[in-house]
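*Asks:* The structure that follows is given in the form of structure tokens.
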Amino acid sequence: MIKTIEPVRALKGIISDIPADKSIAHRAALFAAIAKGDSTITNFSNAADPRSTLECLKGLGVDITIKGSTVVIHGRGRKGLRPVKPELDCGNSGTTMRLLSGIVSGSGLEVTLTGDASLSSRPMGRVLNPLRDMGAICDSTGDEKAPLRFKSNAGLDAITYKLPMASAQVKSCVLLAGLFASGETRVIESLPSRDHTERMLGLEIDFNADGTRVIKSSKGVELRPLNMRIPGDISGAAFWMVAGSLVPDSRIELIQVGINPTRNAVMGILKRMGADIRIANTIDDGSQQAGEPTADIIIKTSGLKATELLPAEVPNAIDEIPVLAVAMCFASGISKVRNAAELRAKETDRISAVVEMLTKAGANVTEFEDGFEVKGDPGFVPKSAAYESHHDHRIAMASAVMAMMAKEASTINGAECTEISYPDFFSHLKTLAEV
Ligand code: S3P
């Protein structure tokens, strides 16, 4: 689908249905499936990625009742998953494939995990290596890509695993396998990545002398059914944080968005750039939300200045970097994103896709192996351009934000991929936009 984006004069209004957090939704569904008893999850997203997780769980014999955005998962307990289909399609979702790999190998199931073309080109050795160290048996393509063919195994043994990269998916995969393994599995982080798995499962955490975190899991961890509301996705909200900062005369209010500190660097980075972003009505009592804090986020237009992302901010803001790159084009001075080579292993190579998008808009950008640098200008007017999504939802939405600031219409080819995380993105744009 080719989507035309018209220039926008102002963005005004309230969005009370920011899509439900995808990372939390995947986890809620997976953890509920291996708990015993019924879990009720409200505000579950209708985006394609979390739906892929539900479909895979159905393929493992889990009964799931869906009524609107409420999902009831009839958990089968740690030993209860049974493949009713030989192949499970994870669609475009790396989180589904990587987290499920931990559960499937922990359960010793014979099952194949497949994905779409994008997912089948992403690195899976990062989860297969630690899982094999634990005793999992899995064939993949020669270069460790999907399909992943898991075989039954003789049971897993715990490992101590120092993460070679800051990845919540790899961390979660190993910790989930650890729930089934004999002994105590310990995952050591170098830089913190999103901590939804630890929070939602209530895992024990130690700190090394240098401040790095050691997260533990074992058969002893109690898996309780969940009764939770999924917060709005800060990664979806980020598009409005940037658009509301850039488009003149804007005021946007986003209701009850997740503000987990391992996910909210985007707010800090934008505020450091001079953005007028504040939060209100914070809920951080752990109840109904499995320990996940939420708040309303209010954004008003403001001038921006350049910034450099700190190494520790990169994993925290990893999904928001494409839209932060758009903000950097309008900020006075040189902005830098380095230590971000992980962006090349996302739904598409996001360094090259961001550089292509900014170049098409006429911005001054330089590509590096591990990031990019943008020479911003507060008076920057993007050219009207024909953007490519590269089937990457975040590139499509970041391009839309860029296009809002142009003087004439732009197009986005492959814009349907917004379905992956934010099916209502274009209708929310229509609601907010004064043209
Ligand atoms: C996710 C973790 C991140 C992120 C992805 C979702 C998760 O990936 O990019 O969109 O839910 O754990 P990595 O952990 O591989 O960096």
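*Asks:* Quick one: which of Met328, Met357 is farther than 25 Å from Pro423 by Cα, crowded, with 24+ Cβ neighbours inside 10 Å and within 22 Å of the chain's Cα centre (by Cα)?
*Replies:* Met328
*Asks:* Let me ask something else. Yes or no: the stretch 92-101 includes at least one residue that is out of contact with any Asp or Glu (no Cβ under 7 Å at 6 or more places or on another chain) and in a loop (DSSP other than H, G, I, E, B).
*Replies:* The answer is no, given that none of the residues of the stretch 92-101 is out of contact with any Asp or Glu (no Cβ under 7 Å at 6 or more places or on another chain) and in a loop (DSSP other than H, G, I, E, B).
*Asks:* Now for a separate question. For the stretch 190-211, which residues satisfy the criterion of being surrounded by 16 or more Cβ atoms within 10 Å (Cβ to Cβ) and in a loop (DSSP other than H, G, I, E, B)?
*Replies:* Ser190, Leu191, Pro192, Ser193, Arg194, Asp195, Leu203
*Asks:* If I filter the stretch 42-60 for residues that are outside the structural domain of Asp424 (by TED's automatic domain parsing), within 22 Å of Gly291 (Cα to Cα) and away from the ligand (no atom under 16 Å from the Cβ), do I get at least one hit?
*Replies:* yes
*Asks:* Counting just the residues of the stretch 129-171 that are more than 16 Å from the ligand (Cβ to nearest atom) and assigned to a strand (DSSP E or B), which one comes out surrounded by the most Cβ atoms within 10 Å (Cβ to Cβ)?
*Replies:* First pass over the stretch 129-171, keeping only residues more than 16 Å from the ligand (Cβ to nearest atom): 132-143, 147, 149-160.
Among the residues that remain, those that are also assigned to a strand (DSSP E or B) are: 137-139, 149-151, 157, 160.
Values: Ile137: 15, Cys138: 20, Asp139: 11, Arg149: 17, Phe150: 25, Lys151: 13, Asp157: 13, Thr160: 14.
Here the answer is Phe150.
Conditions tested, residue by residue: (1) over 22 Å from Leu223 (Cα atoms); (2) away from the ligand (no atom under 16 Å from the Cβ); (3) modelled with pLDDT under 95; (4) not in a loop (DSSP other than H, G, I, E, B).
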| site | (1), (2), (3), (4) |
| --- | --- |
| Ile64 | no, yes, no, yes |
| Val72 | no, yes, no, yes |
| Lys85 | yes, yes, yes, no |
| Ser105 | no, yes, no, yes |
| Val127 | yes, no, no, yes |
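*Asks:* Answer yes or no: is there a residue in the stretch 336-349 that is closer than 25 Å to Thr301 by Cβ and more than 16 Å from the ligand (Cβ to nearest atom). Break it down into steps so the answer makes sense when it comes.
*Replies:* Within the stretch 336-349, the subset closer than 25 Å to Thr301 by Cβ is 336-337.
With more than 16 Å from the ligand (Cβ to nearest atom) added as a condition, the list becomes 336.
Taking every residue of the stretch 336-349 in turn, at least one turns out to be closer than 25 Å to Thr301 by Cβ and more than 16 Å from the ligand (Cβ to nearest atom).
*Asks:* Take the conditions in contact with a strand residue (DSSP E or B) (Cβ under 6 Å, 6 or more places away or on another chain), within 13 Å of the ligand (Cβ to nearest atom) and in contact (Cβ under 8 Å) with a residue 40 or more places away in the chain and apply them to Leu175. Does it pass?
*Replies:* yes
*Asks:* How about the stretch 305-326: which of its residues are within 18 Å of Thr366 (Cβ to Cβ) and within 13 Å of the ligand (Cβ to nearest atom)? Give the steps one after another, and end with the answer.
*Replies:* Residues of the stretch 305-326 that are within 18 Å of Thr366 (Cβ to Cβ), as a first pass: 306-309, 314, 321-322, 324-326.
Val314, Ile321, Pro322 - these are the residues of the stretch 305-326 that are within 18 Å of Thr366 (Cβ to Cβ) and within 13 Å of the ligand (Cβ to nearest atom).
*Asks:* Only one residue in Ala29, Ala25 is more than 23 Å from Cys138 (Cβ to Cβ), within 16 Å of the ligand (Cβ to nearest atom) and part of a helix (DSSP H, G or I), so which one is that?
*Replies:* Exactly one residue qualifies, and that residue is Ala25.
*Asks:* Kindly check whether there is at least one residue in the stretch 33-41 that is surrounded by 18 or more Cβ atoms within 10 Å (Cβ to Cβ) and either closer than 29 Å to Glu434 by Cα or within 13 Å of the ligand (Cβ to nearest atom) (or both).
*Replies:* no
*Asks:* In the stretch 186-201, is there at least one residue being in contact with a Pro (Cβ under 6 Å, 6 or more places away or on another chain) and within 15 Å of the ligand (Cβ to nearest atom)? Steps first, please.
*Replies:* Here is the first cut: in the stretch 186-201, the ones in contact with a Pro (Cβ under 6 Å, 6 or more places away or on another chain) are 191, 193.
Filter once more, keeping what is within 15 Å of the ligand (Cβ to nearest atom): 191, 193.
Scanning the stretch 186-201 turns up at least one residue that is in contact with a Pro (Cβ under 6 Å, 6 or more places away or on another chain) and within 15 Å of the ligand (Cβ to nearest atom).
*Asks:* Can you tell me which residue is nearest to Ala25 (Cα to Cα) among those in the stretch 258-288 that are surrounded by fewer than 22 Cβ atoms within 10 Å (Cβ to Cβ) and basic (Lys, Arg)?
*Replies:* In this case the residue turns out to be Arg278.
*Asks:* For the structure I just gave you, tell me whether Val214 is farther than 29 Å from Ile299 by Cα and in a loop (DSSP other than H, G, I, E, B).
*Replies:* Criteria not met by Val214.
The values are calculated or read from the model by the stated rules, or taken from the named source; none is laboratory data. This is a predicted model, so every value here is computed, not measured. Positions of Cβ are backbone-derived with ideal geometry, glycine not excepted, and every protein chain shown enters the neighbour counts.
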